[in-house]
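The values are calculated or read from the model by the stated rules, or taken from the named source; none is laboratory data. Only a predicted model underlies this, so the values are computations on that prediction, with no experimental measurement involved. FYI the Cβ positions are ideal-geometry reconstructions off the backbone, even for glycines, and counts take in every protein chain you see. Only protein heavy atoms, including side chains, enter the accessible area calculation; ligands, DNA and RNA are left aside. Shrake-Rupley method; radii C 1.70, N 1.55, O 1.52, S 1.80 Å.
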2 protein chains.
Amino acid sequence: MVDIASRVWNHKWKIDPIVRSLIDTDFYKLLMCQSVFRNSPDTHVTFSLINRTTSIRMAELIDEGELREQLDHIRSLSLSRGESTWMRGNTFYGKRQMFRPDFMDWFENLRLPPYHLERRHGQYELTFEGKWPEVMLWEIPALSVLMELRSRKVLEGMGRFELQVLYARAMTKLWEKVERLRDLPGLKIADFGTRRRHSYLWQDWCVQAMIEGLGDNFTGTSNCLIAMRREVEAIGTNAHELPMVYAALADTDDELRNAPYKVLADWHEEHEGNLRIILPDTFGTTAFLEGAPDWLAGWTGIRIDSGDPAVGAEKAIEWWKARGEDPRDKLVIFSDGLDVEKIKALQAQFAGRVKVSFGWGTLLTNDFRGLVPGDALSPFSLVCKAVAAEGRPTVKLSDNPNKAMGPGLEVERYKRVFGLGQQMPMQVEV
Amino acid sequence: MVDIASRVWNHKWKIDPIVRSLIDTDFYKLLMCQSVFRNSPDTHVTFSLINRTTSIRMAELIDEGELREQLDHIRSLSLSRGESTWMRGNTFYGKRQMFRPDFMDWFENLRLPPYHLERRHGQYELTFEGKWPEVMLWEIPALSVLMELRSRKVLEGMGRFELQVLYARAMTKLWEKVERLRDLPGLKIADFGTRRRHSYLWQDWCVQAMIEGLGDNFTGTSNCLIAMRREVEAIGTNAHELPMVYAALADTDDELRNAPYKVLADWHEEHEGNLRIILPDTFGTTAFLEGAPDWLAGWTGIRIDSGDPAVGAEKAIEWWKARGEDPRDKLVIFSDGLDVEKIKALQAQFAGRVKVSFGWGTLLTNDFRGLVPGDALSPFSLVCKAVAAEGRPTVKLSDNPNKAMGPGLEVERYKRVFGLGQQMPMQVEV
């Protein structure tokens, strides 16, 4: 018999909100936010959405009204009591009170700042301007919304059984991946797939599948809301936006060259242990490691997020050796474009030589490739980046020139300052 | 675990359609439609929505866009194969092939004609113009849509538990009525509540409650879709619109005086047995019965739909006696403003003297009185009537002057022609 009250309740919603919580975001965003709130609370930044897969014409696919409704809904969110309690009381990386009371007081009263939305050349120009600690929190929900609105658009035309079979296939596909990963002894893997997930519910399902399928080999999720609800570890450290903004604020070439180390010096003051993870590729890994101060070699590990991951890891191993560190004590986190084959190969190459860990993103939470006609649900490369700080453009070089961004002249200056030589272009898939 | 496919499916709907089938309508509409299709297929009529409870300002309560979406959705409906099979193959009142093949061919290809919607003085002016057999089918879905949009508006502000408790109370309330009706031996009662129901799902629940609670004493429902799905009898005969339109088309006072009998003469040709039910009150019961031809006294029964029902029934009994008929062979159907107390009183007064039957409407399918603050869900008096035929206004007098409608001068002419004396005004509740 139909439960009329539930039916009425479910159909009352004007929209089906995609992002329903301010902590439906990546853990490193909150960590960085606290850091920025402490070190650069008044820095004025601009974040901007960039669709690197231009063949997908977002503004033709997604209704502007629906997009605005979803973004407006996010602006109505504030931290709930339970979320605040979790952030204040939970143990993160073995530490209590990771989030300081002054930061929590501020975060509890936060609403996300306004957004600016225009359509141009079949794409959405979605930008966020304002104080860095506020604006930066738009990145993940903005990406989640656009990714899921795109999924919904494709699902819109499908029948009830088609949907049932689609999800049955996607579940089968993921479960087969999980079963293959089970064979890897000592695997350590986490979910990093919030930003490009198929949908919230799907990411949540994937995390539960990993919990059941991998047991202790699954180390947690970058998504705070899911970490809280599924009672697993929240995972993440820091990202490119810190060196990008610090670099943009540099007044001289010397300051620019020093900016990435300045970021980590600030981080060093705030965090210890497993949170001391170097992200070296913002302006090229090689030069970064060569110029790094010795105290950085004492850090716990490194995250390889662009370029050939095996090359990057070998480079880190050599660097640690050169600095008198034993690589077997060091953690290497792979987080770029992973799928089962690549995970298996990297695990085979590096297990025993370093501590290996994986942050599995898009192909965990959005592998619908081959499941619908025209591959209309396959993932694509959407990012939301800091593009300016105090009116100056930011630059990212990375270890893959196809991931570089920034105005041409500035990119050239950065290449000169950071002594970037020839790079190997690699296809950016997801 | 969330069934993601079902969640996606449920949330894909742009609207939650209120009317989802062309047979989500009263059975008598289809019977009359077949009659009109045969006798007056090209007569041009206008139906209009009239809210007799002017204190409820529909246009302020209900969003025009939502109303249009619902009405547009109804225009997209056509008879489904299963619905057609049911109409062609089912037994109605013991008779197979009640609906003739030529009518079914026409009905299978029907889409409802355009509507005209304006706002005036806080109310909606909703009118339908065109060929009678098409336009007349708007009446019930138009009323259902407006009633349910009003319910939804009130429910919109309610929380999940409030809703659960609201429906729990409404269910309790109805079940207590059913239990009281169980005590009445020989009761015959049907659901006549489509037009003013709280919602489709609620009417469907009420019918199921009656099936379980009253067994064979529940004789069926006027709603064809529910009759089909719950496998109970579809109930209904004819309504005021037939004499109203026939009367409007009359060229002389003599033709006017004869119009109500002309309606029933046409009906006599088409139907027999339990479908031969007189609805005498369109222009006053007393004069109608006095002037009725003898063959009408041979009909199966009478339906009392306005005025004091006991007075109307006594009048019918006297009339049958005067025409040499035995009232104990005759059926009296009460269908106006019924609730348990009135049903019990009428059953007590007439059982044994005539065959008694009840068509229970609004207070079966929409008794939410006293369940929300300000009684915002209590039923109200909304009708959709034929207001003109071939450009001439229609008139209804009924046995309650508060239910009279039509232009003043015409009402006076009809009163004169039909010899209507003083009437007792009664409150129109539902």
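See the values below:
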{"read-out": "Of all residues making up segment B:131-170, the number that are within 14 Å of chain A (Cβ to nearest Cβ) and among the aliphatic types (A, V, I, L, M)", "value": "9"}
{"read-out": "Residues satisfying the stated conditions in segment A:171-204, i.e. within 9 Å of chain B (Cβ to nearest Cβ) and under 26 Å from A:E60 (Cα atoms)", "value": "A:S199, A:L201, A:W202"}
{"read-out": "Qualifying residue in segment A:92-106 (condition: touching a strand residue (DSSP E or B) at 6+ places or on another chain (Cβ under 7 Å) and more than 14 Å from chain B (Cβ to nearest Cβ))", "value": "yes"}
{"read-out": "The lone exception for A:R111 - which of (1) under 21 Å from A:R195 (Cα atoms); (2) of a type in the set (K, R); (3) at pLDDT below 95 it fails", "value": "(3)"}
{"read-out": "Positions within segment B:346-369 being assigned to a helix (DSSP H, G or I), touching a residue at least 12 places away in the same chain (Cβ under 8 Å) and open to solvent by 20 Å² or more (accessible area, probe 1.4 Å), in sequence order", "value": "B:Q349"}
{"read-out": "Selection count, segment A:384-403, where residues are at pLDDT below 95 and surrounded by fewer than 21 Cβ atoms within 10 Å (Cβ to Cβ)", "value": "3"}
{"read-out": "Search result, residues across segment B:37-72 that are open to solvent by less than 40 Å² (accessible area, probe 1.4 Å), in contact (Cβ under 8 Å) with a residue 12 or more places away in the chain and not in a loop (DSSP other than H, G, I, E, B)", "value": "B:V45, B:T46, B:F47, B:S48, B:L49, B:N51, B:M58, B:A59, B:L67, B:Q70, B:L71"}
{"read-out": "Within segment B:1-15, tally of residues that are surrounded by fewer than 16 Cβ atoms within 10 Å (Cβ to Cβ) and at the interface with another protein chain (Cβ under 7 Å from one of its Cβ atoms)", "value": "4"}
{"read-out": "From the options B:D24, B:D63, B:D72, B:D105, residue that is farther than 30 Å from B:G157 by Cα and outside the structural domain of B:F192 (by TED's automatic domain parsing)", "value": "B:D105"}
{"read-out": "Within segment A:115-204, strands (runs of 3 or more DSSP E) holding 2 or more residues that are open to solvent by 30 Å² or more (accessible area, probe 1.4 Å), more than 20 Å from A:G220 (Cβ to Cβ) and modelled with pLDDT of 95 or more", "value": "A:116-120, A:123-131"}
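Let's see how each residue does on (1) modelled with pLDDT of 95 or more; (2) outside any helix (DSSP H, G or I):
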site: B:W9; (1), (2): no, no
site: B:K14; (1), (2): no, yes
site: B:V19; (1), (2): yes, yes
site: B:L22; (1), (2): yes, yes
site: B:L30; (1), (2): yes, no
site: B:S35; (1), (2): yes, no
site: B:I74; (1), (2): yes, no
site: B:S78; (1), (2): yes, yes
site: B:E83; (1), (2): yes, no
